[in-house]
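What follows is a short report on a single structure.
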Amino acid sequence: MLLRVSWRRAAAAVLAPPASKSREPIRGLRVRAVDHAPQSAVPSDPAPVPEAESVLRPLYMDVQATTPLDPRVLDAMLPYLINYYGNPHSRTHAYGWESEAAMEHARQQVASLIGADPREIIFTSGATESNNIAIKGVARFYKSRKKHLITTQTEHKCVLDSCRSLEAEGFQVTYLPVQKSGIINVKDLEAAIQPDTSLVSVMTVNNEIGVKQPIAEIGRICSSRKVYFHTDAAQAVGKIPLDVNDMKIDLMSISGHKIYGPKGVGAIYIRRRPRVRVEALQSGGGQERGMRSGTVPTPLVVGLGAACEVAQQEMEYDHKRISKLAERLTQKIMKSLPDVVMNGDPEHHYPGCINLSFAYVEGESLLMALKDVALSSGSACTSASLEPSYVLRAIGTDEDLAHSSIRFGIGRFTTEEEVDYTVEKCIQHVKRLREMSPLWEMVQDGIDLKSIKWTQH
């Protein structure tokens, strides 16, 4: 029966008329060749792929959401997807030993990037799980003596939601406000620390506006007050230099797919001296020193390790190149368009994350107009909501400006041509949308919109 189906498919493939010649690709859309040839003798019914989607792709300018897999990372992973498939926790045969050796090498690569000991690296499924382990794990372990935590209002959703779930368990959480620049006031942090504070959690680089917090200073304060310091460094690891010992960081969350590695893998750094204790969230076989039970996925951790090694080698070059492209994008837009606001501190800032508000333009309308560039109006984790970004609200951005923000992400594989094309299209569509806006017309006539009292009908 299987043979008959295979012959039928082969005959159909031979007799099928040649595909019509595809049209010329639109400028600004990447061409991706798609091989529709059968890959296996086993019959399968692949889902039909729309022709336009299989050939034309938008430019990718959303590297804060995820990054493409670096080909060097894929090369490192492939042997562990095909030939070296042993369980790294199998101690009785060579299949397990070779996978375990690869896993430990990856642990060394991750540790080297942040100046840690390999034994302090625990593999997880990503930064969300790492944040949950750090915040809930520390809080619950020390709950008999310490019931207070401190974080900021601009943290990633998974940090804020972890803190809210702890509040439901009876913990007290202080959410520090940030200044207009998006950076916390360290004096506020010092004042917020109580005798029963167990943990301070502040992200290194913000995923929406790209501001860098004074991590080393926060680390010194926490160390002097005997409070553990956790940082969500998903957007910072591999992009800016980090050293857990110099910065006095006790716990750090890392994500694979933010540093050109695979999705579904991450790590948490947990200091050994002085030892930080966490209560495990997951029960099981006690892998990863009992802190994260479950079989470690060898191909994914090998990919994470390779991504960390590549990032360490190319960090300086990438940072210079991304800074140049970021400057090119912001200067061209600012010179050509009035009433454009850059959100976040322009100095203490990672250049690859640029958040701009275009006054008198609805951000969602601009995103739809820029359909041949993949952009975002905020965090991918919260972009399903039509509410303005809570990060922009926290830095005091007016609601209308918060609604008009667009995040531009520049990464390792972004080209100058892509930046120029994005700028050209952005300027064109902002001008067009403003011409359609009655508010823009009123501003041009010299009317102060804040002085108008709007009434409902």
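Listing for the model above:
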quantity	calculated
Count of the range 191-210 residues which are closer than 16 Å to Q179 by Cβ and among the hydrophobic types (A, V, I, L, M, F, W, C)	5
Test: residue in the range 66-87 that is more than 29 Å from K258 (Cβ to Cβ), in contact with a Gly (Cβ under 7 Å, 6 or more places away or on another chain), at pLDDT 95 or above and surrounded by fewer than 16 Cβ atoms within 10 Å (Cβ to Cβ)	no
Test for Y95: is it of a type in the set (F, W, Y) and touching a residue at least 60 places away in the same chain (Cβ under 8 Å)	no
Members of the range 403-419 found to be within 18 Å of E362 (Cα to Cα) and in contact with a strand residue (DSSP E or B) (Cβ under 7 Å, 6 or more places away or on another chain), listed by number	S404, S405, I406, R407, F408
Residue in the range 92-123 that is most open to solvent (accessible area, probe 1.4 Å), counting only those that are within 20 Å of S293 (Cβ to Cβ) and in contact with an Asp or Glu (Cβ under 8 Å, 6 or more places away or on another chain)	P118
Residue in the range 250-258 that is part of a loop (DSSP other than H, G, I, E, B), open to solvent by less than 10 Å² (accessible area, probe 1.4 Å) and within 21 Å of T124 (Cβ to Cβ) present	yes
Condition broken by E417, with the remaining ones in (1) over 22 Å from R321 (Cα atoms); (2) surrounded by fewer than 13 Cβ atoms within 10 Å (Cβ to Cβ); (3) modelled with pLDDT of 90 or more satisfied	(1)
Residue pairs meeting the criteria (Cβ under 8 Å; at least 6 apart or on separate chains; first small (G, A, S), in the range 391-405; second open to solvent by 20 Å² or more (accessible area, probe 1.4 Å) and part of a helix (DSSP H, G or I))	A402/R393
Verdict on S283 being of a type in the set (G, A, S) and either touching a residue at least 40 places away in the same chain (Cβ under 8 Å) or within 28 Å of L375 (Cα to Cα) (or both)	no
Residue in the range 263-282 that is under 26 Å from P58 (Cβ atoms) and either surrounded by fewer than 20 Cβ atoms within 10 Å (Cβ to Cβ) or in contact with a Lys or Arg (Cβ under 8 Å, 6 or more places away or on another chain) (or both) present	yes
V296 being in a helix (DSSP H, G or I), open to solvent by less than 40 Å² (accessible area, probe 1.4 Å) and among the hydrophobic types (A, V, I, L, M, F, W, C)	no
Qualifying positions in the range 194-237 - of a type in the set (G, A, S), open to solvent by less than 10 Å² (accessible area, probe 1.4 Å) and more than 21 Å from K157 (Cβ to Cβ)	S198, G219
Enumeration of residues in the range 345-378 that are open to solvent by less than 10 Å² (accessible area, probe 1.4 Å) and under 16 Å from A236 (Cα atoms)	G352, C353, I354
Meets criteria (open to solvent by 60 Å² or more (accessible area, probe 1.4 Å) and touching a strand residue (DSSP E or B) at 6+ places or on another chain (Cβ under 7 Å)) for K143	no
Residue in the range 131-145 that is among the hydrophobic types (A, V, I, L, M, F, W, C), closer than 21 Å to P214 by Cβ, in contact (Cβ under 8 Å) with a residue 40 or more places away in the chain and assigned to a helix (DSSP H, G or I) present	yes
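The values are calculated or read from the model by the stated rules, or taken from the named source; none is laboratory data. From a predicted model like this one, the values you see are computed outputs, not experimental measurements. Glycine gets a Cβ as well: all are built from the backbone with ideal geometry, and neighbour counts include every protein chain shown. Keep in mind that these areas ignore ligands, DNA and RNA; they rest on the heavy atoms of the full protein, side chains included. Shrake-Rupley method; radii C 1.70, N 1.55, O 1.52, S 1.80 Å.
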